[in-house]
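Before any comments, here is the structure.
What follows is calculated from the coordinates using simple rules that are stated; it is not laboratory data. Since the structure is predicted, the reported quantities are computational estimates derived from the model, not experimental observations. Here Cβ is always computed from backbone atoms with ideal geometry, including for glycine, and neighbour counts include all displayed protein chains.
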């Protein structure tokens with residue numbers, strides 16, 4: 001019975017450690033998502049600028065190679 005009680009007492013500390021680990025992991029993943037979103041936004045802006053700068057003539061290939 002004493003072992004069961006000690007096990008029950010030790011369990012919350014283990015769960016608290018696991019919870020803290022998971023919260024850190026979630027925070028790390030949220031930071032990674034924010035970084036990737038920012039990078040994606042910058043790439044989309046750069047692509048939009050390049051597309052806006054295109055002329056229709058730029059899209060035509062020369063037929064006389």
For the residue pair residue 13 and residue 41, what label-to-label distance in nm results when each label sits 7 Å from Cα along the Cα-to-beta-carbon direction?
4.4
With 0.36 nm assigned to each residue of separation and the Cα-Cα distance removed, residue 32 to residue 57 gains 5.0 nm
